[in-house]
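Working notes for the structure below.
The values are calculated or read from the model by the stated rules, or taken from the named source; none is laboratory data. Everything numeric here is computed off the predicted structure, so don't read it as measured data. Cβ: placed from backbone, ideal geometry, glycine included. Neighbour counts: every protein chain shown. The area values use the complete protein model at the heavy-atom level, side chains included, leaving out ligands, DNA and RNA. Shrake-Rupley method; radii C 1.70, N 1.55, O 1.52, S 1.80 Å.
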Amino acid sequence: MIQLQLKNLSKTYANGVKALDDISIEINAGMFGLLGPNGAGKSTLMRTIATLQKPDSGEIHLGDINVLEEKMRLRKVLGYLPQQFGVYPKMSAEALLNYFAELKGITNKKERQEIVAYALAVTNLTEVKNKHVAGYSGGMKQRFGIAQLLLNNPKLIIVDEPTAGLDPAERHRFLNVLREIGTNHIVILSTHIVDDVKELCTDMAILNGGKILSKMSPKEAVENIQGKIWTTITDRDGEDELANKYNVISSNYNQDNTLNVRVFAEQMPDAIFKQAEADLADVYFVHLKEDEQQTINS
């Protein structure tokens, strides 16, 4: 099975921002979630793997491809869907995919028709293949983006913040498309949306400040903090008091304007708390909070 290996990747921008901080990680076939807040370094990492920018140091290997030294060889087996892509001419999806397939070197007409039909079917666009892509909804454009990157049967697929801005129905359809293709490829899903990773990914890492804070399966990550999440209900003033005394990781409003406050602690912190079922959002917030504390203390 092919594997993507990142070794000691670092990148500091001219303004002094350390976007990648000695990242080493191995990614196997299947859906891999890269989870982190905006500004964590996710897009820098995706662009670096996709050979669109160079790191200051480090190595990347995809199987026997030395990515940083064999860019064209990598690009032949890469499918990349960036955050912002494509201003489309007034062409139908089918015609545009045929055009892209030709650009990718698929010169045999029958072969091209077959791969285009497959890409349209996988992304659920067959029924609208004759519509202009420029007139597609946001979710349809994202699925078209996946269709065009499937044309060269990539070994590595990178999708950067693909569901941001999609309505719930479009997001659901798009995630189903990713689920469909995730079994036969290495698919890296870069996102700040915890539920995308929770629904799709068999492996994941949390990135913040250009550093990998954690790497494990979502299931393992949740199991590691099970029994250590506690919740209580308070008001706005009460939240500040709790934050001063306990390790508050998140809070959300109820309909009556009270707050559900979630705390991470090895044991029950106080009689006002009850134990809560841990979830992937708790994992995410626990790691971000720990990283924040380490940054303050360093």
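Screening the stretch 247-259 for residues that are open to solvent by 40 Å² or more (accessible area, probe 1.4 Å) and touching a strand residue (DSSP E or B) at 6+ places or on another chain (Cβ under 7 Å) and picking the one that is nearest to GLU223 (Cα to Cα) gives ASN247.
Among the residues making up the stretch 107-153, those that are in a loop (DSSP other than H, G, I, E, B) and either among the hydroxyl-bearing types (Ser, Thr, Tyr) or open to solvent by less than 40 Å² (accessible area, probe 1.4 Å) (or both) are THR107, THR123, LEU125, TYR136, SER137. In the set (1) in contact (Cβ under 8 Å) with a residue 24 or more places away in the chain; (2) of a type outside the set (A, V, I, L, M, F, W, C); (3) not in a loop (DSSP other than H, G, I, E, B), the condition left unmet by GLU239 is number (1). The residues of the stretch 258-288 that are over 29 Å from GLU199 (Cβ atoms) and among the aliphatic types (A, V, I, L, M), listed by number, are MET268, ALA271, ILE272. When GLU292 is tested against (1) touching a Ser or Thr at 6+ places or on another chain (Cβ under 8 Å); (2) under 27 Å from GLY41 (Cα atoms); (3) surrounded by fewer than 15 Cβ atoms within 10 Å (Cβ to Cβ); (4) not hydrophobic (A, V, I, L, M, F, W, C), just one condition goes unmet, and that condition is (1). Among what's in the stretch 191-221 and is of a type in the set (Gly, Ala, Ser), in contact with a Gly (Cβ under 8 Å, 6 or more places away or on another chain) and open to solvent by less than 30 Å² (accessible area, probe 1.4 Å), pick the residue that is farthest from ASP21 (Cα to Cα). Of everything passing the filter in the stretch 191-221, ALA205 is farthest from ASP21 (Cα to Cα). Does GLU69 qualify as being part of a loop (DSSP other than H, G, I, E, B) and closer than 27 Å to LEU4 by Cβ? Against the criterion (part of a loop (DSSP other than H, G, I, E, B) and closer than 27 Å to LEU4 by Cβ), GLU69 qualifies. If the condition is being within 26 Å of VAL283 (Cβ to Cβ), open to solvent by less than 80 Å² (accessible area, probe 1.4 Å) and of a type in the set (S, T, N, Q), then the stretch 29-66 contributes SER43, THR44, THR48.
On the basis of being under 20 Å from ILE2 (Cβ atoms), outside any loop (DSSP other than H, G, I, E, B) and not β-branched (Val, Ile, Thr), does GLU59 make the cut? Here the answer is yes, as GLU59 does meet what is asked. Looking only at residues in the stretch 231-246 that are modelled with pLDDT under 90 and out of contact with any strand residue (DSSP E or B) (no Cβ under 9 Å at 6 or more places or on another chain), the one that is surrounded by the fewest Cβ atoms within 10 Å (Cβ to Cβ) is ASP237.
Among the residues making up the stretch 154-201, those that are part of a loop (DSSP other than H, G, I, E, B) and either free of Cβ contacts under 8 Å to residues at least 12 places away in the same chain or in contact with a Phe, Trp or Tyr (Cβ under 8 Å, 6 or more places away or on another chain) (or both) are PRO162, THR163, LEU166, CYS201.
Restricting GLY79, GLY58, GLY63 to residues that are under 30 Å from SER24 (Cβ atoms) and free of Cβ contacts under 8 Å to residues at least 60 places away in the same chain narrows the list to GLY58.
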